[in-house]
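S.K.: One structure, as structure tokens, below. Some questions next.
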Amino acid sequence: MIKFIKTIFELFMLILILITIAFGYARYIEPYQLRTIELSLEDPQLQVSAHENKLKIAVFSDTHFSDWYTTDDFQEVITRINEQSPDMVFFVGDLIDNFNTYTGDVNQIIDCLSRINAPLGKFAVYGNHDYGGGAEWEYEGIMQSGGFTVLTGDYYALDDLKLAIIGIDDILIGGGSPAIASWGREDYYNIILCHEPDIVDEILDYNVNLMISGHTHGGQINIPFYTSKFLPPYGEKYLKGLFEFENHINTKLYVTSGIGMTKLPFRFLAPPDVTFITLYN
């Protein structure tokens, strides 16, 4: 009996140690283990012969600037992007975690954004955290001061490349409508930027070659029987990575795991990432 009790106690202590290690890893290590993801997507619809037959796009999202993730932490993102010399940069929403309580200097965020380089343009859309607490009145100005064009239900064409970027406003809190995906021309390569990935199911009848989203944080804390209960609306089906659809145009969806954290200062089995998508024909 004593031996059994000793075994149970040792097992309990082992579990406690493992939980402590996992807690420390999720709080202090993984949130700052920035990954670089590289994808190459071929599409005969793409016409980039005037641009060396390829186009490189940098994607980041969900910075959620806060006391947990600061502009000092963001320096590595800037470095990773500029080292790759992308042609375009896309930010797909959720800049500041809670604008109403943010204690950082917004001008430092602007400075960070302005140091990201992209000769063909930097583009952004609203996320759900870019509304509320006064954020909806400041977000666009912050992004524009950092050199980004904010697409709020807008169409932006690079006619020499026959490429169009369509930005859908936030679906949860903003006035976003998937129907604007119908603006995609048959003779252009059409990219949709939308914070919430699950609306892809509503745009598959349109001429959308690629949709890029964030919102899910890759689950942020991936624990069986826990994660699925806390996934955000419109971020429950397509968690992270590349998805391909067998529709008339073979639409692709890419969901980045994002950069920062919300609600809890942890990431577990969902490291932050900056993604580089190279398009070629």
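Read-outs: derived from the displayed coordinates by stated rules, not from any lab. Because the structure is predicted, anything quoted here is derived from the model rather than measured. Don't worry about glycine lacking a Cβ; one is built from the backbone with ideal geometry, like all the others, and counts go over all protein chains shown.
S.K.: Sort 225-235, 255-265 by the packing proxy (mean of other Cβ within 10 Å over each peptide's residues), most packed first.
M.R.: Output ranking for 225-235, 255-265: 255-265, 225-235.
S.K.: Could you compute the FRET efficiency for ILE37 and SER85, with r as their C-beta to C-beta distance and R0 at 22 Å, rounded to 0.05? Intermediate values should be presented prior to the final figure.
M.R.: Numbers: r = 17 Å, r/R0 = 0.76.
Efficiency computed from Cβ-Cβ geometry: 0.85.
S.K.: List the residues whose amide H sits under 5 Å from the amide H of ASP154, counting only those 5 or more places along or on another chain, with H placed 1.01 Å from N in the peptide plane.
M.R.: Those lying under 5 Å, H to H, from ASP154 are GLY167.
S.K.: Pull up the cross-link candidates among the lysines for LYS3, meaning alpha carbon to alpha carbon under 23 Å and not fewer than 8 places away within one chain.
M.R.: Partners found: none.
S.K.: Consider all pairwise Cα distances in the chain and report the whole-number % of them above 25 Å.
M.R.: Cα-Cα pairs in the chain separated by more than 25 Å: 46 percent.
S.K.: For LEU41, enumerate residues with amide H under 5 Å from its amide H, sequence gap 5+ or separate chain, H modeled in the peptide plane.
M.R.: THR278, LEU279, TYR280
S.K.: Using the Karplus curve 6.51 cos²θ - 1.76 cosθ + 1.60 with θ = phi - 60°, work out ³J(HN,Hα) for each residue of region 225-235 in order, rounded to whole Hz, and write x for Gly and Pro.
M.R.: Whole-Hz 3J(HN,Hα) from phi for region 225-235: 6, 10, 4, 4, 6, 10, 5, x, x, 6, x.
S.K.: How high is the FRET efficiency between LEU11 and THR70 when r is their beta carbon distance and R₀ equals 51 Å, given to the nearest 0.05?
M.R.: 0.80
S.K.: Same structure again: Could you tell me which residue out of THR20, LEU41, LEU113 lies farthest along the dipole of region 1-154 toward its positive end? Charges go on the beta carbon: Lys and Arg +1, Asp and Glu -1, centred on the Cα centre.
M.R.: THR20
S.K.: Also, I was wondering about something else. For LYS122, list the lysines whose Cα falls under 18 Å from its own Cα; do not include residues on the same chain fewer than 8 positions away.
M.R.: Counting by Cα, and skipping residues close in sequence, LYS122 has these lysines nearby: LYS54, LYS56, LYS162.
S.K.: What's the ranking of 237-248, 55-66 by average number of surrounding C-beta atoms within 10 Å, highest first?
M.R.: Numbers: 237-248: 14.8, 55-66: 24.6.
Averaged packing, sorted descending, gives the order 55-66, 237-248.
S.K.: Moving to a separate point now. Over region 182-265, how many pairs of lysines fall under 19 Å by alpha carbon, counting only those 8 or more apart in sequence or from different chains?
M.R.: Numbers: LYS229/LYS237; LYS229/LYS240; LYS229/LYS263; LYS237/LYS252; LYS240/LYS252.
Value for region 182-265: 5.
S.K.: Name the residues of region 171-196 whose amide N is less than 20 Å from a point 7 angstrom out from the Cα of ALA157 along the C-beta direction?
M.R.: Answer for this model: 179-193.
S.K.: Tell me the label-point distance for the pair GLU136, LEU18, using the 7 Å Cα-to-Cβ offset, in nm and rounded to one decimal.
M.R.: Going from the GLU136 label point to the LEU18 one covers 4.7 nm.
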